[in-house]
1. Just for segment 20-43: of the residues that are loosely packed, with under 11 Cβ neighbours inside 10 Å and within 27 Å of Asp78 (Cβ to Cβ), which one is modelled with the highest pLDDT?
2. Against the condition in a helix (DSSP H, G or I) and not assigned by TED's automatic domain parsing to the domain that holds Ala47, how does Leu101 come out, does it pass?
3. With the requirement that a residue be in a loop (DSSP other than H, G, I, E, B) and of a type in the set (Gly, Ala, Ser), what does segment 55-85 give you?
4. Could you list all residues from segment 120-138 that are within 17 Å of Asn98 (Cβ to Cβ), assigned to a strand (DSSP E or B) and not small (Gly, Ala, Ser)?
5. Restricting attention to segment 56-80, which residues are hydrophobic (A, V, I, L, M, F, W, C) and touching a Ser or Thr at 6+ places or on another chain (Cβ under 9 Å)?
6. Tell me, please, whether a residue that is at pLDDT 95 or above, within 29 Å of Met43 (Cβ to Cβ) and either touching a strand residue (DSSP E or B) at 6+ places or on another chain (Cβ under 9 Å) or not assigned by TED's automatic domain parsing to the domain that holds Met43 (or both) can be found in segment 108-126.
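The values are calculated or read from the model by the stated rules, or taken from the named source; none is laboratory data. All values derive from a computational prediction rather than experimental measurement. Note that each Cβ is placed from the backbone with ideal geometry, even for glycine, and that neighbours are counted across all protein chains shown.
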Amino acid sequence: MICVKIYLFYPPPEYHVDYLREKHVTEKIGAEVKYEECANAPMEQFAKTGDDARTWLPQLSALANSGMKILIWAGDADINCNWLGSHASVLAMDWYGNETLHNTPFTNMTINGIPVAAVQNVDNFSFARVYAAGHLVVSRLAPR
């Protein structure tokens, strides 16, 4: 069983469960088991140890330096992992584009002419502040 149920306050719409069980999806991602939702109890036990509070910046820096395309996004209505802290973290990364990222202004990303995010991009690395989005950005967008 694959356990990815990490939402903290309320579940997102359940359409992802059926989607992740579709044959063409499981074949494409190489899944060897049927996708199942699971309880938060194991995650809660890890959280009590502080294990979830370790930095990921060395690993992220290595990936950025390798040339892998990376997008870090944060909703600006997220009180759990606010965009300001996430942005400060990526600015602290030790990678070849660090200085350039510090000097790169945010630009608006729009969908159908409506601004949906402020984005910084340097080569293979992007950071996006998604407007009116909560903790689970894609399922917590405010109505537009």
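1. Restricting to residues being loosely packed, with under 11 Cβ neighbours inside 10 Å and within 27 Å of Asp78 (Cβ to Cβ), the top hit is Ile29.
2. yes
3. Within segment 55-85, Gly67, Ala77 qualify.
4. Those that are within 17 Å of Asn98 (Cβ to Cβ), assigned to a strand (DSSP E or B) and not small (Gly, Ala, Ser): Gln120, Asn121, Val122, Phe125, Phe127.
5. Trp56, Leu57, Leu60, Ile70, Leu71, Ile72, Trp73, Ala74
6. Within segment 108-126, one or more residues are at pLDDT 95 or above, within 29 Å of Met43 (Cβ to Cβ) and either touching a strand residue (DSSP E or B) at 6+ places or on another chain (Cβ under 9 Å) or not assigned by TED's automatic domain parsing to the domain that holds Met43 (or both).
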